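For reference, the structure discussed in these notes is given below.
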Amino acid sequence: MILQRPPPFEIALFTIQPGYIRQACVVGGEVITARHRRIALLVAGCYFMEMLDGTIVTTASPQIGRSLRAPATEVGLVVTAYLLTLAVLIPLSGWLTRRYGNRVVFLTAIAVFTLASVGCAASVSLGMLVAMRVLQGAGGAMMVPVGRTMVLTPAAKEDILRLTSYVVWPGLLAPVVAPLAGGLITTYASWHWMFLINVPLGVIAFAVAWRLVTAGTAGTTPPPLDWAGVALTCAGLGGLTYAAHLVSLPAPPVAQTAAFSVVSAALLAGAVVHLRRAAHPLLNLRTLSVRTFRVSQLGGTMYFFVVGAMPFLLPLMFQVQFGWSPVKSGAVTAFVFAGTVGIKPATTPLINRFGFRPLLIVSTLGTAVIVAALGFTSASTPVAVIAALALASGVTRSTGFTVYSTVGLADMAPELMRDANTLAATSMQLGAGLAIAGAAVALRVGDAVTGGLSADHGQAAFTVAFCLLALIAAGCAGEALRLDPAAGNAARRPRDAGRSRPPAPSGRAG
């Protein structure tokens, strides 16, 4: 298949300079071209598809097991295969775009993801379904990191915040929507439709991308592929993801889990040593010399872990401990969705008014307090109170997610933006991929601590689990305090820029 568009329709958006973009379109004080905005929204839709497919399948595990005559414990491989492939292949996305260009890689990724979705729906055995999920994960691993690179690399610094807000919000919505959407599909249709809904979305995304996306870096000579980095990094991330899957099982095999964990840690340690020394590393760790980026990656990975665990723990507590129906549980959890969407129009103005650091501190501390408060709710707590807490958690996760996704890139030198995007996508996937396993571990710790010590040790176990996640969120707040007060100011648009914006620490190492 030839993925290049005829020359008369070629649009050189991604070969122009940021200064041209700034002059191209000024609407309501914003300076983002209409085409650039459409590409950002296209990538947002692809991100939603990728994240939705990572979690929606969990609700259909029993039905899939019965349909394919597979034990319920083995159906978990359907989720693990997808997450493992994402973790393994995301680091390769940066090199592939240098080698083949944005257009070829992005269009191929959408096509592979869509065709693999058809294959998932047509699967007649668990082995076939797992194989199709691996293929689907390969498409997803290229789709979003490459899309983020297309959107952010050519953008002016002051445009990064708004463009990022377009791209990242689906990643917050998908895990919240997935349980309810999966429940409705399995109740009123069949599990096959969880994958078939991707087909029209994929076809539309491919058609839009065909018109909008240009070749970008095609034709340039990339550095040689870092094969040692590929082996160490991808094997380490894949092994860690599989170890997380083992941990999340009801009865994890201790020896196997420990073996995968130790070997994966050793591989990743070796990868860090190699990547710091290699002339052309798979993941450029030199981007971490920019202090803002380094702090945002560490805190962001922990934060993605917390917000990724909540859509798993919250419905579980509602249904198992409170005795709520799936519909009632999904309806209350949907208030997280409402908070995420409701605050989104105000996120950029809040950052422009107060700055990245203050908003991040408030967001992470707010998340810590709300998560802990949810852990102390019970079946007797008024539903309105629980819904209000869920709504507030959606607000803080939305603002925190936006800051983490933007602030480090705002201070990054333009020539390092592609490398920073690839590393950021890898760390984000690492946090999200470990979230469910982390939630399961937190719940087991809570059960071990409270077993026999409480008349209702089941609820107490959830309380401990939520408090452990709240402590991690509080750690994120501590990490946010280390940010420079002027961090990310290059991406802000305060009304009185001359008086209120202190010098930004652009590209500063430390």
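The values are calculated or read from the model by the stated rules, or taken from the named source; none is laboratory data. Computed from a predicted model, the values in this text were never measured in an experiment. Cβ coordinates were reconstructed from backbone atoms using ideal geometry, including for glycine residues, and neighbour counts include every protein chain displayed. Ligands, DNA and RNA are excluded from the accessible area calculation, which covers all protein heavy atoms including side chains. Shrake-Rupley method; radii C 1.70, N 1.55, O 1.52, S 1.80 Å.
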Explain nothing, just compute: Karplus ³J(HN,Hα) = 6.51 cos²θ - 1.76 cosθ + 1.60, θ = phi - 60°, for every residue of the range 91-101 in order, whole Hz, x for Gly and Pro. x, 7, 4, x, 5, 4, 5, 5, 7, 10, x
I want the local charge near residue 338. Using Cβ-Cβ distances under 13 Å, sum +1 for each Lys or Arg and -1 for each Asp or Glu among the other residues. +2
Have a look at 88, 49, 282 and report the one farthest towards the positive end of the charge dipole of the chain, computed about the Cα centre with Cβ charges (Lys/Arg +1, Asp/Glu -1). 282
Please state the shape class of the range 128-198: rounded when a/c is under 1.5, otherwise prolate if a/b exceeds b/c and oblate if not, all from the C-alpha gyration tensor. oblate
What net charge do the residues around residue 301 carry, taking every other residue with its C-beta under 13 Å from that of residue 301, with Lys and Arg at +1 and Asp and Glu at -1? 0
Compute, for the chain, the length of the dipole vector about the Cα centre, with Cβ point charges of +1 (Lys, Arg) and -1 (Asp, Glu) only. Units Debye, rounded to 20. 1140
Within the accessible area of the range 183-320, what % is carbon and sulfur when the probe is 1.4 Å and the other protein chains stay in place? 73
Which shape class, rounded, prolate or oblate, goes with the range 281-357 when its Cα gyration tensor gives a ≥ b ≥ c as root eigenvalues, a/c under 1.5 marks rounded, and past that a/b bigger than b/c marks prolate? oblate
Farthest positive-ward along the chain dipole, Cα basis, beta-carbon charges - from 427, 360, 272: 360
Please report, in whole Å³, the volume per residue of the convex hull around the C-alpha atoms of the chain. 147
Taking 45 Å as R0, compute the FRET efficiency from the Cβ-Cβ separation of residue 346 and residue 279 and round it to 0.05. 0.50
So for the range 81-221, Kirkwood radius off the Cα pairs, Stokes-Einstein at 4 °C and 1.567 mPa s: how many µm² s⁻¹? 80
accessible surface per residue for the range 270-333, probe 1.4 Å, DNA/RNA/ligands not counted, whole Å² -> 40
Between the alpha carbon centres of the range 74-150 and the range 186-264 the gap in Å comes to 6
Counting pairwise Cα distances across the range 402-481, what percent come out greater than 21 angstrom? 48
Could you list the residues of the range 229-247 with an amide nitrogen less than 19 Å from a label point located 7 Å from the Cα of residue 448 in the Cα-to-C-beta direction? 243-247
For residue 227 and residue 331, FRET efficiency with R0 = 51 Å and r from the beta-carbon atoms, rounded to 0.05? 0.50
What is the spread of the Cα atoms of the range 315-468 along each of their three principal axes, largest first, in whole Å? 59, 30, 27
May I have the extent of the alpha carbons of the range 195-304 along their three principal axes, as whole Å values ordered from largest to smallest? 52, 43, 29
Hydrodynamic radius by Kirkwood for the range 52-127, inverse mean 1/r across distinct Cα pairs, in Å, is 14.1
